[in-house]
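Data first, discussion second: the structure below is written as C-alpha cells.
The values are calculated or read from the model by the stated rules, or taken from the named source; none is laboratory data. Since this is a predicted model, take the numbers as computed values, not measurements. No Cβ is skipped: glycine too gets one built from the backbone with ideal geometry, and neighbour counts run over all protein chains shown. Quick note on the areas: whole protein, heavy atoms, side chains included, nothing else; ligands and nucleic acids left out. Shrake-Rupley method; radii C 1.70, N 1.55, O 1.52, S 1.80 Å.
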Amino acid sequence: MKGWVMADPDCATLFAAAPSPYLVLGSNLVIAEVNRACPVATGRTREELLGRYLSDAFSGNPADPDADGVRNLNASPHRVLLSREPDTMALHRHDIPVTDRPGTFEERWWPPFDTPIPAPDGTAECIIHRVEDVTAFIRSRASGGLPPPTGPPTGREALEAELYAARTG
C-alpha cells in the first residue's frame, strides 16, 4: 500500500477500533471516552467507566495492604497536566475486580502511557491514557524462575513487556 492515504479519516472509528485499551481523560481526570478494547481488558463496561474519576473507576484491591496501583495510576496524568509532555509509567501491578465474584480481585500488570492533547492555549485539554495488560508476560517470567518486579522495571524489563504486549495484542 505504498503511498496510500486515507482521504477523510473518521477519528472516532479509528479510536474505537484501536487494538490497545484507550481512555480519554478530561483535564479533571474524569473518563470522557473509552475504546472497545478497554472494557475487554479491564472487565468493566463502558457505562461503568464513563463519567467517573480515573481513581474511582480503577480503585485498588482492598485485600492487598501493599497495593500502590491507584497512587501510580494517578501520578502519571498529573505529571502530564503539569509538564504538558507524554509520560510513560513504570510497569506496575494494579489488580482488577472479577466481574462475577464481588469482592474478588485478579492480579494484573500494566505499563500505562499518558499523552496530552493540547488546548489552543497550550494546556492539556485532555489526556489519552493507554495501557497494555502484560500479566501473561509477568507470569511467564515467574514460571521461568524470574521473580515479578518489586519496583520500577529496568529498561530491559519494560522493553520486554512492551514487545510481549505488541506480539500478543
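Quick notes
- Residue check for Val40: in contact (Cβ under 8 Å) with a residue 12 or more places away in the chain and more than 21 Å from Thr135 (Cα to Cα): no
- Yes/no for Pro86 being free of Cβ contacts under 8 Å to residues at least 60 places away in the same chain, in contact with a helix residue (DSSP H, G or I) (Cβ under 9 Å, 6 or more places away or on another chain) and open to solvent by 80 Å² or more (accessible area, probe 1.4 Å): yes
- Lone unmet requirement of (1) open to solvent by less than 30 Å² (accessible area, probe 1.4 Å); (2) part of a helix (DSSP H, G or I); (3) touching a helix residue (DSSP H, G or I) at 6+ places or on another chain (Cβ under 7 Å) for Ile31: (2)
- Of the residues making up region 85-136, just one is over 24 Å from Gly26 (Cβ atoms), part of a strand (DSSP E or B) and in contact with a Ser or Thr (Cβ under 8 Å, 6 or more places away or on another chain), namely Trp109.
- Considering Val98, Val24, the condition of being touching a strand residue (DSSP E or B) at 6+ places or on another chain (Cβ under 6 Å), at pLDDT 90 or above and open to solvent by less than 50 Å² (accessible area, probe 1.4 Å) is satisfied by Val24 alone.
- Verdict on Asn35 being polar (S, T, N, Q) and at pLDDT 95 or above: yes
- The set of residues from region 120-148 being out of contact with any strand residue (DSSP E or B) (no Cβ under 7 Å at 6 or more places or on another chain) and modelled with pLDDT of 85 or more comprises Pro120, Asp121, Gly122, Thr123.
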